Structures are given as C-alpha cells and as structure tokens.
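Since the structure comes first, as structure tokens, the remarks are kept for the end.
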Amino acid sequence: MSTKMVTPGTDDTLMSRRGFLRTGLAGAALLGTASAGIGLTGCSDAPKGSHKVDGNSVQYHFLTDDDRLLLLALSPAILADALPQGQDQRQQSLNQTVAGIDAAIYRFSPSMQSEFRQLFDLLHFSPTRALAAGVWQGWDTVDPERANVFLNRWKDSSIDLFTSAYIGLVKVTNVAFYGMPATWSNSHYPGPPAYALTALPQFQKS
C-alpha cells in the first residue's frame with residue numbers, strides 16, 4: 001500500500017484535537033462491545049514492561065504485547081517500500097518503529113491515549129475484530145497483503161470511525177518511522193524540520 005508521507009509534528013497535533021475516533025451510533029456500539037469484552041478478558045491490562053529490541057532493553061509504557069503484534073502486522077503495509085529490503089534490517093526497522101509508537105503515544109494527552117486504547121481494544125477483541133476488520137484469527141497470522149486489504153477497507157469506508165482510525169494509525173506509524181534518522185536515506189526523506197527535533201518523542205530520552 002502506498003501512503004502519503006506525513007511530516008512529523010508534536011504530541012496531539014499529530015491527530016485532530018477533536019479526537020480521531022469520531023463515532024456515530026454504529027461506531028459507539030462497536031467500541032462499547034469491545035471495551036466490555038476486553039474488560040471481561042483483562043487483555044488491556046497485559047503487562048507492558050521491558051522488552052528486548054534488537055539486543056537493547058526497551059521499556060514500554062503504553063503498548064501491550066497484543067498491541068505490539070497488531071502494529072508489527074500493520075506497519076509493513078503502511079510503510080511499504082520505505083522499509084529496508086534486507087530481512088534483518090527490515091525487522092529491526094519494524095521493531096524500532098513499534099518502540100517509537102509507544103514513545104509517541106506515551107507522551108500524548110490522556111484523552112488521546114484513551115482513544116488509542118479504545119481503538120486497540122476494538123482490534124483485539126475477537127468479535128469486533130472480525131466484524132470491523134475482517135480478521136478472524138490473531139494479528140500474528142496477518143501478512144502484509146491481508147493488512148493492506150484491511151487498511152484500504154478502512155481508508156475508503158463510509159463509517160467515520162474507520163476512516164478516522166485509519167488516519168490515526170497511519171500518522172502515528174509514519175511519525176515513529178520517519179522520526180528515526182537511520183530511515184531517512186533509504187526512504188529519501190530529508191528529515192523533520194529543526195523545531196520538530198526537540199519535540200518528537202523519538203528524540204527525547206525517557
């Protein structure tokens with residue numbers, strides 16, 4: 001899938017200040033079902049903790065194990081040819097992108113974090129994942145081609161919940177990826193403007 005390159009911004013300016021999950025009745029029902037289901041299973045409470053990323057210990061503050069599997073499934077479709085071609089370099093870039101997404105969301109406002117949590121819950125809970133995304137098994141079974149079908153379905157949807165969530169996923173993934181200087185030469189991206197370097201979570205030490 002080809003996505004339009006997004007110039008990195010800061011915190012909540014990455015998304016609409018009104019929030020990216022603009023739900024109608026159908027969207028509210030889906031989110032409510034997902035939240036209730038996740039609450040019963042306790043999936044949102046899965047430990048974040050410290051994980052190895054390319055040999056380095058990375059402390060995740062927001063993303064759960066399920067979130068990381070979801071983003072590792074979707075990121076190749078979102079980033080497409082911008083990713084390195086070599087298998088090891090490609091996986092390294094994906095791992096670092098997911099770590100960057102965690103760093104970005106962790107610095108969002110509580111309201112934005114809540115919206116991302118609702119979105120991830122929607123995509124984790126089996127009934128709503130199947131209904132909203134057409135994915136019947138776990139995200140670890142989804143290849144880039146299937147991820148591309150899902151993303152295009154949401155991109156072109158007439159349901160505001162889906163189109164807004166698509167934009168949110170693409171923006172935060174692009175910001176995390178293009179916020180890494182190591183990706184610029186491969187993707188022909190000149191890098192963010194100077195003012196953004198001091199604001200992007202990827203350039204701030206935890």
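Tabulated data for the structure shown
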item: Residues (touching a residue at least 40 places away in the same chain (Cβ under 8 Å), farther than 22 Å from Asn152 by Cβ and open to solvent by 10 Å² or more (accessible area, probe 1.4 Å)) located in the range 62-92; result: Phe62, Asp66, Pro84
item: Extreme residue, surrounded by the most Cβ atoms within 10 Å (Cβ to Cβ), among residues of the range 93-114 that are over 13 Å from Val58 (Cβ atoms) and polar (S, T, N, Q); result: Ser93
item: Tally of residues being open to solvent by less than 20 Å² (accessible area, probe 1.4 Å) and part of a loop (DSSP other than H, G, I, E, B) across the range 116-167; result: 2
item: Residue that is in contact (Cβ under 8 Å) with a residue 24 or more places away in the chain and over 27 Å from Ala182 (Cβ atoms), where the choices are Ser109, Ser114; result: Ser109
item: Filter result (modelled with pLDDT under 85, of a type in the set (A, V, I, L, M, F, W, C) and open to solvent by less than 50 Å² (accessible area, probe 1.4 Å)) within the range 168-191; result: Met180
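The values are calculated or read from the model by the stated rules, or taken from the named source; none is laboratory data. Please read these numbers as outputs of a predicted model, since none were measured by experiment. We place every Cβ from the backbone using ideal geometry, glycine too, and count neighbours over all the protein chains shown. All accessible areas refer to the heavy atoms of the entire protein, side chains included, with ligands and DNA or RNA removed. Shrake-Rupley method; radii C 1.70, N 1.55, O 1.52, S 1.80 Å.
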